[in-house]
There are 2 protein chains.
Amino acid sequence: MSEKLPNAVDLSHHLSDVAKTLEPRAQGQTPKPGNIGMDGGVPDTEYFPIESINVTYLKPAAFPLHPTDALPHGPGVLGWIANILTGKTSKTTEAPTGQFIIPRRLRADDESKFELKSALQYSPTTGLPAAERIIYEWVARVHKPAYNDWKTLIDIGASSAWSSCLTILLNPGDSFITDKYAYNAALMQAHTRGLYSVAVKTDNDGLSAVDLERVLYGWDEKARGFKRPRVIYTQGGIQNPTGLLITAQRKKDIYDVAVRYDMIIVEDDPYYFQQATPYSRSTVRETKKQTDEEWLDSLVPSFLQFDYEGRVLRLDTFSKSVGPGGRLGYYTGSPLLLRKLEALHQSFISFPSGFSQAIVGELLHRFGQEGFTRWLRGITAQYELRRNWAIDALYNSLDVRVKDNWSPTLTAYAPGDGQMSEKFTQSKSLMSFVPPDGGMFVWFNIHLHNHPRYKRLAHQTSPAAAKTQLSNELWTAITEAGVIFRRGELFVAEDDDEEEDVFLRASFSSGPKEDLEKGMKIFATTLVKFFQ
Amino acid sequence: MSEKLPNAVDLSHHLSDVAKTLEPRAQGQTPKPGNIGMDGGVPDTEYFPIESINVTYLKPAAFPLHPTDALPHGPGVLGWIANILTGKTSKTTEAPTGQFIIPRRLRADDESKFELKSALQYSPTTGLPAAERIIYEWVARVHKPAYNDWKTLIDIGASSAWSSCLTILLNPGDSFITDKYAYNAALMQAHTRGLYSVAVKTDNDGLSAVDLERVLYGWDEKARGFKRPRVIYTQGGIQNPTGLLITAQRKKDIYDVAVRYDMIIVEDDPYYFQQATPYSRSTVRETKKQTDEEWLDSLVPSFLQFDYEGRVLRLDTFSKSVGPGGRLGYYTGSPLLLRKLEALHQSFISFPSGFSQAIVGELLHRFGQEGFTRWLRGITAQYELRRNWAIDALYNSLDVRVKDNWSPTLTAYAPGDGQMSEKFTQSKSLMSFVPPDGGMFVWFNIHLHNHPRYKRLAHQTSPAAAKTQLSNELWTAITEAGVIFRRGELFVAEDDDEEEDVFLRASFSSGPKEDLEKGMKIFATTLVKFFQ
């Protein structure tokens, strides 16, 4: 930590009524050396039935940096052998796995940093010290917050973390700003607590700083029925559901507005490391020559990096890098907010699973920062490949065209329809989308206003009712054709009578290539048929 | 489940305002066979960096049923070798460990029931199905609830579980009944939420059903300032801090009162399996010949076994049987309450760590119910041995005497003082205690009214102030002598001006025998000196 950076400003006026009363309690007494501790009800560690855990893990370079196709037999040991036998991998390739052991007790010369004696015992709310250190050092390397006294705190995953943020920051009846389309589970959590989400427009650079200013400047508490929001919730890296990131300049603009209006930004960022290279149509895609370090530094920075006042509360998770089942993540933020979160965890969570802390912690220790960077890069390349499969598949089934050269938005037509006159094609477009900047999702804007029955339906009822009916019909058709997407309505942050767009979210994150391609093809075919 | 048992009665009027709005949400769409799921943002399981987990575990019989002393080198493989080399264990003893593997993917012929593919993925709020089944079947075997449609739900440990119970059952300003001295962290959690704990007297058979009736019958809402409690919180098996259990007859009596007053009993029971045989002074202690099955059936039944209406919400944990670090436990209760808890978990927890579920789940699968019973019995024998060490050590340093033949309470005097006349010794007793029925704690009632300065101090100030001052002095003296106990004041459920007793809780659950004996000796010596 540079001594020149300022400390966090005092944001205690943002605390909820609940948070005001929360302070971490002393967790039993730690006896001084030589003293005999008969304080807590802790089991003797000799009675833990697990003697040791031996973990076989994929090495950081298990996945190639520039995959052109899937390894058909997977990356593990069995897949490695199969890939060699089928000629997909060179025989000289190093075995892709390593091993580590978590023993009952560490000895001085053990390479491991975690032991079951501590991992299976009660641990501090702040987690096992070795895990805490790894996390802190990783944030220092990657995010470099622009103030001095930032802290990290281990948690049990981002959805619980967001819930805790709501508890310490907002009282029932309060509100928060978010993107016009925001992560549906995050919205649901807030709404079931009696909180209001206020939508700000989003463009291809992310949440609009201009619209944020407009909403805040013109806030009319009487007309709205609740106070001006003090909190912004957004997914800064890659957004769910749009698949787009907030650019660095836009983050800075948003941060500046947040400072002027004294707001807190909760940055929920599960897909930060899944920033892909831009989608391109060439079959042999250009691959950037970068070291892993350069790759890490080339990622669009998080809000933390602009945060010189400690008003960003960042949520990270190991769900996308290790696995959601580990239920492990961490907050980064100011000492005040993290102290309140620690106190809240103490009452509601205690601490994250010691199995998770030890296994994920030891994995990160073995990887090291360099290895973990390489691992993330390999995984990101896989998700990028999947995104390419998905978009390529759309190109194969639809007539996909650039509408404006300055915009990344693509517009899709029924095959052949794109050949017609500009005016005609405008009225025949089926949908538009932006190839995702990374992450797991593609977000389709369905042009229901071009549906042959739309005008009649809208005339008979209303534009909104017509859209709802057509949207339901399309959803049924796609589902009956055997593909499950997620409906865009679930992501709407704030009801808006003027809302005309209907979206569908498709995930390209898992399953075999053939299924992904087939799913996209079915979607495209169904869409063409539906618009006939 | 017998078809003859009734279903749970409708207790929906007990739900808190929050609980009324909670319903489990559909968790994404599960695609039908043959359909392509592009709904959720789930990572591809091929990208999980953990290839397999190989666990070495202690076999169910690792600890002897009738230990007369500690195995000096511990129960593990290294300890086993050392114990053979030093002649502490016979050479023919079977190696005390086994192994299992949790692979990335299960194959049809695998003995394991858990795979990383599922354990590291998002899992249902209700946990991995194999873990869910093991838990349900265990409760069916052990507790046999007296109604038909009881359910279990996996959770992240009892302290979080109790917090969730408070959320679904009580509104701020509500109250609950508990033992006069109750688990301090449970009280703290409730008090920081603005809930009131109402104390009911406790005797050596546990919470008094008579006093419960008295408190409920005579409830004066105006005088009290809040409504009559609808919930009882108690630790039915072995209580913390008293170390005593609630007898079967007493549980039945309490349950009957609960039915008449339409109450819910939250039974937090971490020490259920740690029911020890009664303490005896003989150096060669009698050992009961029982099969493991008989042992399990001989345990004092839980409230669940008397629950024919579904008004018991039981909290179990693997903290004492596997390790607190696993953060794994489960509720048993009626479908209504468990549905509300599931919905709450969905928002606040998601699901317990998949590492914990898979490792603990697979361990239980390998143990089987019989093996797990044997394991619990072995552990209980160890804690019983520790209790004996602790009480034996007190006998060695103090003059410990039975006061009344009908009561298990023991009274302790300075060595030699017990030889004097009955009247004299009454005024010289230092403390009294009941040898614990099991668990981890012994609960000392310090006779400060016999302290030489008590009368003068009480006259100068008040009896309460005198006790506080002497209690502080004693605490300082014990701490300075190098022993850390926990102060009884922390366990007081309800302030009571007439309260005269001062308690200390000592844990005998961990650490070497020598430390335990030394700790007790220092306590005894400090006590004698303090009363001089």
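The values are calculated or read from the model by the stated rules, or taken from the named source; none is laboratory data. In this text the structure is predicted, and so the values were computed from the model without any measurement. In this analysis, Cβ positions are derived from the backbone assuming ideal geometry, glycine residues included, and neighbour counts consider all displayed protein chains. The protein model used for the area step is the full one, side chains on, heavy atoms only, and it has no ligands, DNA or RNA in it. Shrake-Rupley method; radii C 1.70, N 1.55, O 1.52, S 1.80 Å.
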Checklist entry - Dipole of the protein assembly as shown, Cα-centred, from +1 at each Lys and Arg C-beta and -1 at each Asp and Glu C-beta, to the nearest 20 debye? => result 700
Item to check | Expected 222 nm ellipticity per residue - DSSP helices of 4 or more, -39500 (n - 2.57), all of chain A, to 500 | outcome: -11500 deg cm²/dmol
Checklist entry - Considering amide H positions built from the backbone, and no H for Pro or chain starts, which residues 5 or more places from residue A:327, or on another chain, come under 5 Å of its amide H? => result B:354
Checklist entry - Over all Cα pairs of chain A, how is the pair count split among 20 Å bins, expressed in % and running from 0 up to the last occupied bin? => result 20, 50, 27, 3, 0
Checklist entry - With point charges of +1 on the Cβ of Lys and Arg and -1 on the Cβ of Asp and Glu, referenced to the Cα centre of the protein assembly as shown, which listed residue (B:208, A:397, B:335) lies farthest in the positive direction of the dipole? => result A:397
Checklist entry - Taking the range B:156-232, which trypsin sites (Lys or Arg not before Pro) meet the DSSP loop condition and have no more than 14 other C-beta atoms within 10 Å? => result B:201, B:227
Checklist outcome for this item: Here the whole-number average of other chain Cβ atoms within 10 Å per Cβ of B:509-517 is 4
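Under unit Cβ charges (Lys, Arg +1; Asp, Glu -1), what dipole magnitude, rounded to 20 debye, does the range A:398-530 have relative to its Cα centre? It would help to have the intermediate numbers written out before the result.
Working: 15 positive and 19 negative charges, 125 e Å.
I would put it at about 600 debye.
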Checklist entry - When only the heavy atoms of the protein chains count and the probe is 1.4 Å, how do B:475, B:375 rank by accessible area, highest first? => result B:475, B:375
Checklist entry - From the phi of every residue in the range A:144-157, what ³J(HN,Hα) in whole Hz does the Karplus formula 6.51 cos²θ - 1.76 cosθ + 1.60 yield, where θ is phi - 60° and glycine or proline is x? => result 6, x, 8, 9, 7, 9, 5, 9, 10, 9, 5, 9, 9, x
Checklist entry - Where the centroid of each part is defined by its Cα atoms, how far is the range B:188-231 from the range A:127-154 in Å? => result 45
Checklist entry - Of A:411, B:344, B:265, which is farthest along the charge dipole of the protein assembly as shown in the positive direction, counting Lys and Arg as +1 and Asp and Glu as -1 at C-beta? => result A:411
Next on the checklist: Taking 8 Å as the Cα distance limit and 6 or more residues as the minimum spacing, I'd like the relative contact order of the range B:398-530 as a percentage.
Outcome noted: 22
Checklist entry - Heavy-atom accessible area of residue B:376 with all protein chains present, probe 1.4 Å, nearest 10 Å²? => result 10
Checklist outcome for this item: Scalar couplings 3J(HN,Hα) for the range B:112-118 by Karplus 6.51 cos²θ - 1.76 cosθ + 1.60 (θ = phi - 60°), nearest whole Hz, x for Gly and Pro, are 5, 10, 10, 9, 5, 3, 8
Item to check | Under 5 Å, built H, 5+ apart or other chain: amide partners of residue B:400 | outcome: B:413
Checklist entry - What does the average come to when, for each residue of peptide A:314-326, you count the partner chain Cβ atoms lying within 10 Å of its Cβ? => result 6
Item to check | Rounded accessible area of residue A:191 (nearest 10 Å², 1.4 Å probe) | outcome: 80
Item to check | Net dipole in debye of chain B [+1 Lys, Arg Cβ; -1 Asp, Glu Cβ; about Cα centre; nearest 20] | outcome: 700
Checklist entry - Which of the chymotrypsin sites (Phe, Trp or Tyr not before Pro) found in the range B:293-342 are in a DSSP loop and have at most 10 neighbouring Cβ atoms, other than their own, within 10 Å? => result none
Checklist entry - Taking the Cβ-Cβ separation of residue B:223 and residue A:217 as r and a Förster radius of 41 Å, what is the calculated FRET efficiency to the nearest 0.05? => result 0.15
Item to check | Percent antiparallel among DSSP beta bridges (both partners in chain A, rounded to 5) | outcome: 70
Item to check | Compactness of the range A:398-530 - radius of gyration and Dmax, Cα, Å | outcome: 15.0, 44
Item to check | Extent along principal axes [Cα atoms of the range A:159-287; Å; largest to smallest] | outcome: 57, 30, 21
Next on the checklist: Projecting each Cα onto the charge dipole of the range B:122-243 (Lys/Arg +1, Asp/Glu -1 at the beta carbon, about the Cα centre), which of B:130, B:237, B:167 comes out farthest on the positive side?
Outcome noted: B:167
Checklist outcome for this item: If amide H atoms are modeled at 1.01 Å from N in the peptide plane, then the residues at a separation of 5 or more from residue A:175, or on another chain, having amide H under 5 Å from its own are A:196, A:230
Item to check | the protein assembly as shown: antiparallel DSSP beta bridges as a percent of all, rounded to 5 | outcome: 70
Checklist entry - Inter-copy label distances at residue A:252, 7 Å along the Cα→beta-carbon direction, one decimal in nm, shortest first? => result 7.8
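Give me the percent relative contact order of chain A, please, defined on Cα pairs under 8 angstrom at least 6 residues apart.
18
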Checklist entry - Which lysines does residue A:467 reach when only Cα atoms under 30 Å apart count, and residues fewer than 8 places away in its own chain are ignored? => result A:180, A:201, A:403, A:423, A:428, A:455, A:518, A:521, A:529, B:32
Checklist entry - Which translational diffusion coefficient, to the nearest whole µm²/s, is obtained for the protein assembly as shown from the Stokes-Einstein equation, given a Kirkwood hydrodynamic radius over C-alpha pairs, 20 °C and 1.002 mPa s? => result 68
Next on the checklist: At a 10 angstrom cut-off on C-beta neighbours, averaged per residue, how do the peptides B:141-153, B:14-26, B:391-403 rank from highest to lowest?
Outcome noted: B:141-153, B:391-403, B:14-26
